[in-house]
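Peer 1: Submitted below is the structure of interest, expressed as structure tokens.
FYI, it's all coordinate maths here, none of it is from the lab. Please read all numbers here as calculations on a predicted model, not as lab measurements.
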Amino acid sequence: MYAEEREWNLRIVMRCEFPEDYEGELDGYAWAEDAPQITNAVLRAAITQLSQRPGWKLGGGNRGRPAEDEITLVLERVLPGVSPVKSTKPT
């Protein structure tokens, strides 16, 4: 079966500026302690919106990167009369 893909990335960079006398990473990145909650909120919002699109099927993908660094969502167009490709991986 033939398939085409388009890719679009959203990259969020968290940052915090410190005064000149800052001694480095002594605080263990305490300023970023909200990162998991922020990441989960953005992911939930994306999944909620994408899963509501008529004619589309939402799934996940994995490029071998840790979930803390990257999440891949696969939005697949469902065309009438075309059977989705079934995985040949054993379950």
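Peer 1: Over the chain, calculate the relative contact order: mean separation of alpha carbon pairs under 8 Å at least 6 apart, over the residue count, as a percent.
Peer 2: This gives 19 percent for the chain.
Peer 1: Given the rule -39500 (n - 2.57) for each run of at least 4 DSSP H residues, summed and divided by the residues of the chain, what is its mean residue ellipticity at 222 nm, to the nearest 500 deg cm²/dmol?
Peer 2: Helices in the chain give a 222 nm mean residue ellipticity of -6500 deg cm²/dmol.
Peer 1: Per the Kirkwood definition applied to all pairs of different Cα atoms, how many angstroms is the hydrodynamic radius of the chain?
Peer 2: For the chain, inverting the mean 1/r across all distinct Cα pairs yields 16.9 Å.
Peer 1: Further question: Can you tell me the orientation of helix 35-51 relative to the chain, as the angle in degrees between its alpha-carbon axis and the longest Cα principal axis, to the nearest 10?
Peer 2: Compared with the principal axis, the helix lies near 20 degrees.
Peer 1: If you don't mind, there's one more thing I want to ask. Grab the Cα-Cα distance for Asn62 and Tyr29, subtract it from 0.36 nm times how many residues apart they are, and report the gain in nm with one decimal.
Peer 2: 9.2 nm
Peer 1: Which of these, Ala30, Ala46, Ala67, has the largest mean-square fluctuation under a Gaussian network model of the chain (Cα springs below 10 Å)?
Peer 2: Ala30
Peer 1: Now a separate question. GNM, the chain, Cα, under 10 Å: largest mean-square fluctuation among Arg53, Arg77, Arg63?
Peer 2: Arg63
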